[in-house]
Structure formats: structure tokens, C-alpha cells
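What follows is a single structure, written as C-alpha cells, with notes after it.
The values are calculated or read from the model by the stated rules, or taken from the named source; none is laboratory data. All values derive from a computational prediction rather than experimental measurement. For neighbour counting, all protein chains shown are included, and Cβ atoms are generated from backbone atoms with ideal geometry for every residue, glycine included.
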Amino acid sequence: MAFPSSVIQDAWDRQGGTCASCCKTLVPRNRDYGTYGAWHAHHRKPLSEGGTDTLWNCVLLCINEPENCHWNVGHGGISWSYYAPLNDSELPCLYSGRR
């Protein structure tokens with residue numbers, strides 16, 4: 001399954017076009033590729049563990065070095081519950097007043 005485009009747009013609006021973890025500016029056309037502002041729509045709770053394709057479970061993370069938050073936060077081998085919080089208020093850039 002994949003996020004519907006409406007969920008991705010809502011996540012983009014919620015995050016103000018920035019990475020939810022490091023606050024890097026993302027480029028809309030660079031979803032899943034690119035060298036500047038590339039990003040990925042990431043499931044906070046994996047589908048294999050009962051996650052859904054809803055806005056609550058969607059977070060946009062950068063995929064470029066050096067931050068590469070998609071890998072480091074989303075898949076970095078650290079316990080999911082410790083490093084990819086399910087509470088929006090725990091994500092540094094998600095509610096930083098850029099709305």
C-alpha cells in the first residue's frame with residue numbers, strides 16, 4: 001500500500017514543506033529522488049505492524065546526506081518506539097510555528 005496523494009499533500013501542509021526531524025527544506029518535485037531537498041513519505045508505524053496509510057501515520061523525512069532522516073530516523077536500526085515517535089509534539093519540526 002502507499003499513501004494517497006491527498007494524505008501526502010496534507011502532510012506537506014502540516015510540515016510546511018520541511019523534514020519533520022531536521023527541518024531541512026524539501027522540494028516538492030524531489031519526492032524519492034534528487035540531490036537537493038529530496039524526501040520520502042514515511043510510515044511512522046510500519047504496515048507490517050498494523051500501521052495505516054493515513055495522515056496520522058505519515059511523516060515526510062529528507063533522504064539526502066548528511067542528515068538522511070528517512071534512514072537515520074525511520075530505518076536506523078534503533079527501536080521504533082524510541083526514535084520515530086507517534087506523537088506529533090515529539091517531532092522537532094512538525095509543529096514549529098511555520099503554518
request  = Could you give me the residue pairs with C-beta distances under 9 Å whose first residue belongs to the range 60-83 and is under 23 Å from GLY16 (Cα atoms) and of a type in the set (S, T, N, Q), whose second residue is in a helix (DSSP H, G or I) and modelled with pLDDT of 50 or more wherever it lies, and which are 6+ apart or on separate chains?
outcome  = ASN64/ASN30
query = Do you know which of the residues in the range 18-50 that are part of a loop (DSSP other than H, G, I, E, B) and aliphatic (A, V, I, L, M) is nearest to ASN64 (Cα to Cα)?
reply = ALA38
request  = May I ask you to say which residue of PRO92, PRO46 is modelled with pLDDT under 85, closer than 15 Å to PHE3 by Cβ and of a type outside the set (Lys, Arg)?
outcome  = PRO46
